[in-house]
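A.B. asks: I have a structure I would like to understand better, so I am pasting it below and will then ask my questions one at a time.
The values are calculated or read from the model by the stated rules, or taken from the named source; none is laboratory data. Nothing here was measured: the structure is a model prediction, and the numbers come from that model. In this analysis, Cβ positions are derived from the backbone assuming ideal geometry, glycine residues included, and neighbour counts consider all displayed protein chains. All accessible areas refer to the heavy atoms of the entire protein, side chains included, with ligands and DNA or RNA removed. Shrake-Rupley method; radii C 1.70, N 1.55, O 1.52, S 1.80 Å.
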Amino acid sequence: MSSTSATTQGVIPVHLLKGQKALVTGANSGIGRATAVALGRAGCDVAVNYVAGREEAEQVVDEITAMGVRAAAYEADVSQEDQVVAMMDRMVGEFGTIDILVANAGLQRDAALTDMTLAQWQKVLDVNLTGQFLCAREAVKEFVRRGVVPEVSRAAGKIICMSSVHQIIPWSGHVNYASSKGGVLMMMQTLAQELAPKKIRVNAVAPGAIKTPINRSAWETPEAERDLLQLIPYDRVGDPDDIAHAVVALASDLMDYVVGATLYVDGGMTLFPGFATGG
Ligand code: BGC
């Protein structure tokens, strides 16, 4: 799926994040891909992390470098401490520093409770929650070492955790995923509280239903899409660019006083749509 819809160009001010260095995890597809491209459009040099799919990651790199900024593809499994440490070392070595971390990599391994294996539970927690913890920890070491560079940004660093509406909406058949995103909410808020005095801003974006490979079955047939739209007051399924634009805004100094917030980008999915007619 191409991440650059016609809307991206022209929407994002090209100098908004000029000269900043961003790492996006899971940037070879879906929301991560669109976010990496949008950050490039806003003037960032971008490290494109992937765990599998080198070719896709290289395509993202090409798309970003065509805008006149730097990009590189970094293979690393975010749930593996040694790989995250090595990736951050490489980023700081090659890009000079890191200003923005988008902790995006995530996956689903769905099953009803009694069918869910420990491996399915563990994998989702490892990638979605532990992966964000490891990337945040390593990025913050560099933010603190470097401190604020006023010409670059008012903050010493920005972390955007990719969460989900399921950080607050329970989700039958997805207890591993919903638990991981509930964990992301509390991790994000705790880190925001701990790091704000160091001028590091930690926030989250919580997407609703966005057309990406992770939820293809929920939107790819007209019947599935009709069912899904019952849950979305704004009456359209989101695009990866909807999320990418929110990340760019949150990472910028336009949002410098936003600390520890979750920006729901969900067409109203968290507004209890059943109550539009019930209750
Ligand atoms: C999930 C999608 C789902 C959406 C809304 C996301 O976090 O990854 O599969 O469609 O939430 O329920």
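A.B. asks: Being more than 13 Å from the ligand (Cβ to nearest atom) and either small (Gly, Ala, Ser) or in contact (Cβ under 8 Å) with a residue 60 or more places away in the chain (or both): is that true of ASP235 here? Full working, then the answer.
C.D. replies: Working: more than 13 Å from the ligand (Cβ to nearest atom): yes; either small (Gly, Ala, Ser) or in contact (Cβ under 8 Å) with a residue 60 or more places away in the chain (or both): no.
For ASP235, the condition - more than 13 Å from the ligand (Cβ to nearest atom) and either small (Gly, Ala, Ser) or in contact (Cβ under 8 Å) with a residue 60 or more places away in the chain (or both) - is not met.
A.B. asks: State whether the residues of segment 254-272 include one that is outside any strand (DSSP E or B), polar (S, T, N, Q), within 15 Å of the ligand (Cβ to nearest atom) and open to solvent by 50 Å² or more (accessible area, probe 1.4 Å). Please lay out each step first, then the result.
C.D. replies: Keep residues of segment 254-272 that are outside any strand (DSSP E or B), which gives 254-261, 266-272.
Okay, now just the ones that are also polar (S, T, N, Q), so 270.
Then drop every residue that is not within 15 Å of the ligand (Cβ to nearest atom), which leaves 270.
Filter once more, so that each one left must be open to solvent by 50 Å² or more (accessible area, probe 1.4 Å): none.
So far as segment 254-272 goes, no, none of its residues is outside any strand (DSSP E or B), polar (S, T, N, Q), within 15 Å of the ligand (Cβ to nearest atom) and open to solvent by 50 Å² or more (accessible area, probe 1.4 Å).
A.B. asks: Which of (1) away from the ligand (no atom under 11 Å from the Cβ); (2) without any contact (Cβ under 8 Å) to a residue 40 or more places away in the chain does ALA276 not meet, given it meets every other one?
C.D. replies: (2)
A.B. asks: Would you check if LEU118 is within 18 Å of the chain's Cα centre (by Cα) and among the aliphatic types (A, V, I, L, M)?
C.D. replies: Working: within 18 Å of the chain's Cα centre (by Cα): no; among the aliphatic types (A, V, I, L, M): yes.
Against the criterion (within 18 Å of the chain's Cα centre (by Cα) and among the aliphatic types (A, V, I, L, M)), LEU118 does not qualify.
A.B. asks: Quick check on VAL248: is it at pLDDT 95 or above, under 25 Å from CYS44 (Cβ atoms), open to solvent by less than 50 Å² (accessible area, probe 1.4 Å) and not acidic (Asp, Glu)? I'd like the intermediate steps shown before the answer.
C.D. replies: Numbers: at pLDDT 95 or above: yes; under 25 Å from CYS44 (Cβ atoms): yes; open to solvent by less than 50 Å² (accessible area, probe 1.4 Å): yes; not acidic (Asp, Glu): yes.
In short, yes.
A.B. asks: Here is a follow-up. Against the condition within 12 Å of the ligand (Cβ to nearest atom) and surrounded by fewer than 24 Cβ atoms within 10 Å (Cβ to Cβ), how does VAL140 come out, does it pass?
C.D. replies: When the stated conditions are applied, VAL140 does not pass them.
A.B. asks: Let me ask something else about it. Give segment 221-245 a look and list any residue that's of a type in the set (Asp, Glu), open to solvent by less than 60 Å² (accessible area, probe 1.4 Å) and within 30 Å of GLY157 (Cβ to Cβ), or say none. Walk me through how you get there before you give the answer.
C.D. replies: The first filter runs over segment 221-245 and keeps only residues of a type in the set (Asp, Glu), leaving 223, 225, 227, 235, 239, 241-242.
Within this subset, residues satisfying the condition of being open to solvent by less than 60 Å² (accessible area, probe 1.4 Å) are 225, 241-242.
Once the filter is applied, which keeps residues that are of a type in the set (Asp, Glu), open to solvent by less than 60 Å² (accessible area, probe 1.4 Å) and within 30 Å of GLY157 (Cβ to Cβ), segment 221-245 yields ASP241, ASP242.
A.B. asks: Look through segment 170-182, keep the residues that are open to solvent by 50 Å² or more (accessible area, probe 1.4 Å) and not small (Gly, Ala, Ser), and return whichever of them is nearest to ASP126 (Cα to Cα).
C.D. replies: This residue is VAL175.
A.B. asks: Which residue, of GLN193, GLN230, GLN167, is out of contact with any Asp or Glu (no Cβ under 7 Å at 6 or more places or on another chain) and more than 16 Å from the ligand (Cβ to nearest atom)? Walk me through how you get there before you give the answer.
C.D. replies: Values: GLN230 fails: more than 16 Å from the ligand (Cβ to nearest atom); GLN167 fails: more than 16 Å from the ligand (Cβ to nearest atom).
Just a single option satisfies the conditions, and that option is GLN193.
A.B. asks: Turning to a different aspect of this structure: Among the numbered criteria (1) under 24 Å from LEU271 (Cα atoms); (2) within 16 Å of the ligand (Cβ to nearest atom); (3) surrounded by fewer than 21 Cβ atoms within 10 Å (Cβ to Cβ), which single criterion is violated by ALA111?
C.D. replies: (1)
A.B. asks: Just wondering, is there one or more residues in segment 238-247 that are within 14 Å of the ligand (Cβ to nearest atom) and outside any helix (DSSP H, G or I)?
C.D. replies: yes
A.B. asks: Considering GLY68, GLY32, GLY26, which residue is buried (at least 20 other Cβ atoms within 10 Å of the Cβ), part of a loop (DSSP other than H, G, I, E, B) and out of contact with any Asp or Glu (no Cβ under 9 Å at 6 or more places or on another chain)? Write out each step before concluding.
C.D. replies: Numbers: GLY68 fails: buried (at least 20 other Cβ atoms within 10 Å of the Cβ); GLY32 fails: part of a loop (DSSP other than H, G, I, E, B).
After applying the criteria, what remains is GLY26.
A.B. asks: Right, next: Could you tell me which residue of segment 206-220 is nearest to ASP235 (Cα to Cα), considering only residues that are open to solvent by 60 Å² or more (accessible area, probe 1.4 Å) and more than 8 Å from the ligand (Cβ to nearest atom)? Show your work before the answer.
C.D. replies: From segment 206-220, those open to solvent by 60 Å² or more (accessible area, probe 1.4 Å) are 213-214, 216-217, 220; that's our starting set.
Add one more test, that the residue is more than 8 Å from the ligand (Cβ to nearest atom), and what stays is 213, 216-217, 220.
Values: PRO213: 20, ARG216: 17, SER217: 18, GLU220: 16 Å.
The qualifying residue nearest to ASP235 (Cα to Cα) is GLU220.
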